[in-house]
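Structure record follows, encoded as structure tokens.
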Amino acid sequence: TILEKNQQRIYDLVMDMLSLSKERQLILKGGDLNTTVGEACELLQARAAELNVTLEWTPQEGLPAMQFDAEAIHRAVLNIGGNALEAVEGGEQPSVRISTGYDAASHLVLITVTDNGPGLPREVLPGLFNIFESSKGSRGTGIGLAVSRKIIREHGGDIEVRSQPGEGATFILAWPLIADELTLVPTAE
């Protein structure tokens, strides 16, 4: 069990380093965002159980058909969800909520990760996505948030952070809807 756990951590670190070290083309395919995020939540659930954290997964039903790089989005959710689990570890009734959504007015696809941890100090926010900067001391590599932001930016979006010290943190991964080719209606010429 210890070997499996550490092997996964090494794999995750190597994949994050590869994501940062080279420009890569997104592999856009039609897919179900709820399935991709749900699979990441399944992996995070084991870590949540170890840390005695409640992990709540709330998929939005009826998301529009879309294209995205499923492997990349999966990695981003694992990184940010994993950070949230560690942020609440040892707190009172620690919990993390992960949800998907679509804002039709702005045509944005959304993944929201919210925790009830200690929040982020205001002075940490400007450098939060800088590579190799970590507020976790020796437990963090400073790569996960940088990789996650790179992935969302490759999709044409960004990550918004909302946090107040003592009130937890919310990370909103948002990018423009890339419609699934099969759902596009040809225009009359």
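Note on Gln164 and Glu61: with the Förster distance fixed at 30 Å, the Cβ-Cβ geometry gives a FRET efficiency of about 0.45.
Heavy-atom accessible surface of Val53, to the nearest 10 Å², is about 10 Å², with a 1.4 Å probe and all protein chains retained.
Using 0.36 nm per residue, how much length does the chain from Thr54 to Asp103 gain when fully extended, once their Cα-Cα distance is taken away?
Fully extending the segment from Thr54 to Asp103 adds 15.0 nm.
Defining a contact as two alpha carbons under 8 Å apart and six or more residues distant in sequence, what relative contact order in percent does the range 67-120 show? Reported as a whole number, the value is 33 percent. Whole-percent P(r), the range 63-136, all Cα pairs, 10 Å bins from 0: 15, 40, 34, 11.
The values are calculated or read from the model by the stated rules, or taken from the named source; none is laboratory data. This is a predicted model, so every value here is computed, not measured. Positions of Cβ are generated from backbone atoms using ideal geometry, with glycine treated the same way; all protein chains shown enter the neighbour counts. Surface areas here come from the heavy atoms of the whole protein model, side chains and all, with no ligands, DNA or RNA. Shrake-Rupley method; radii C 1.70, N 1.55, O 1.52, S 1.80 Å.
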